[in-house]
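Heads up, the thing below is written out as structure tokens.
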């Protein structure tokens, strides 16, 4: 039996490991995060000796956080080229100051394992026809768990500014790999309708952009209001070879996130004994899973 090994059988990492050389630290994988600002950012100005507050970032603007060491950037409208959509349940864990999550899934209506060691973060799966018939404890649990439509794609800030309202170069904020969590049901319906309309014409959503603006909505008779994303179909985009590493990036992050969730599920569920997460997965997910604060 031949034991000959050729270089073509080995990857670079295998060769370096075989030679007994410590490999260089891998580049950290990270995504920017897009959120909608519900309040304006104001700046104090002096007019005729009087101090006045002037909004420099309007409420309803989008905020892009690239990393903890980079100042946030704002834009009233953004353009998304989607690469992946996923569903997820999340709930704020005030005791541990983290957001508990389920695995990312292409659809709801099924039992999704979560980081607490359970399913759906305690929320019943499937459609609930009559909420009023449920016990109050169950209704409270359902209302506390958020249904999130997670958008992975390339974001372009149409009119980027810093937190002082100073204009920034659009070129510097074009096609940024980003994750955007959507929770508003009307906005989710809009983007799903837009994506479905493209797919019905045999146009994959990745071959088109989506335009994001915002709209002010009222909260019933309370007099309070909030802003939500408004989505419309944008322009066609051709697929190219340079899209492959971007697709691989999002694929790695989605799979790594799910392995992290499954690892937490296993840790918090004594009946499970599987090991879902490698050291590489931990490094990957630690770079993108944030400890969220209440907004």
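The values are calculated or read from the model by the stated rules, or taken from the named source; none is laboratory data. As the structure is a prediction and not an experimental result, all values here were calculated from the model. Heads up, the Cβs are rebuilt from the backbone with ideal geometry, glycines too, and the neighbour counts pull from every protein chain shown.
If you scan the range 241-295, which residues turn out to be at pLDDT 55 or above, part of a loop (DSSP other than H, G, I, E, B) and within 30 Å of residue 205 (Cα to Cα)? Once the filter is applied, which keeps residues that are at pLDDT 55 or above, part of a loop (DSSP other than H, G, I, E, B) and within 30 Å of residue 205 (Cα to Cα), the range 241-295 yields 241, 242. Kindly indicate whether any position in the range 146-162 is modelled with pLDDT under 95, surrounded by 14 or more Cβ atoms within 10 Å (Cβ to Cβ) and under 21 Å from the mean Cα position of the chain (by Cα). Yes: the range 146-162 contains one or more residues that are modelled with pLDDT under 95, surrounded by 14 or more Cβ atoms within 10 Å (Cβ to Cβ) and under 21 Å from the mean Cα position of the chain (by Cα). Pairs meeting the criteria (first residue in the range 135-157 and within 22 Å of residue 235 (Cβ to Cβ), second residue in a helix (DSSP H, G or I) and modelled with pLDDT under 90, beta carbons under 9 Å, at least 6 apart or on different chains) are lacking. The residues of the range 40-65 that are in a loop (DSSP other than H, G, I, E, B), under 21 Å from the mean Cα position of the chain (by Cα) and surrounded by fewer than 17 Cβ atoms within 10 Å (Cβ to Cβ) amount to a single one, 59. Return yes when residue 33 is in contact with a strand residue (DSSP E or B) (Cβ under 9 Å, 6 or more places away or on another chain), closer than 25 Å to residue 262 by Cα and at pLDDT 95 or above and no when it is not. When the stated conditions are applied, residue 33 passes them.
Let me confirm something: among 111, 95, which residue is free of Cβ contacts under 8 Å to residues at least 60 places away in the same chain, touching a strand residue (DSSP E or B) at 6+ places or on another chain (Cβ under 7 Å) and closer than 30 Å to residue 270 by Cβ?
The conditions single out 111.
So that you can scan it fast, the table gives a plain yes or no per residue for (1) under 20 Å from residue 63 (Cα atoms); (2) within 17 Å of the chain's Cα centre (by Cα); (3) part of a loop (DSSP other than H, G, I, E, B); (4) free of Cβ contacts under 8 Å to residues at least 12 places away in the same chain:
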{"residue": "190", "(1), (2), (3), (4)": "no, no, no, no"}
{"residue": "194", "(1), (2), (3), (4)": "no, no, no, no"}
{"residue": "198", "(1), (2), (3), (4)": "no, no, no, no"}
{"residue": "202", "(1), (2), (3), (4)": "no, no, yes, yes"}
{"residue": "206", "(1), (2), (3), (4)": "no, yes, no, no"}
{"residue": "210", "(1), (2), (3), (4)": "yes, yes, no, no"}
{"residue": "226", "(1), (2), (3), (4)": "yes, no, no, no"}
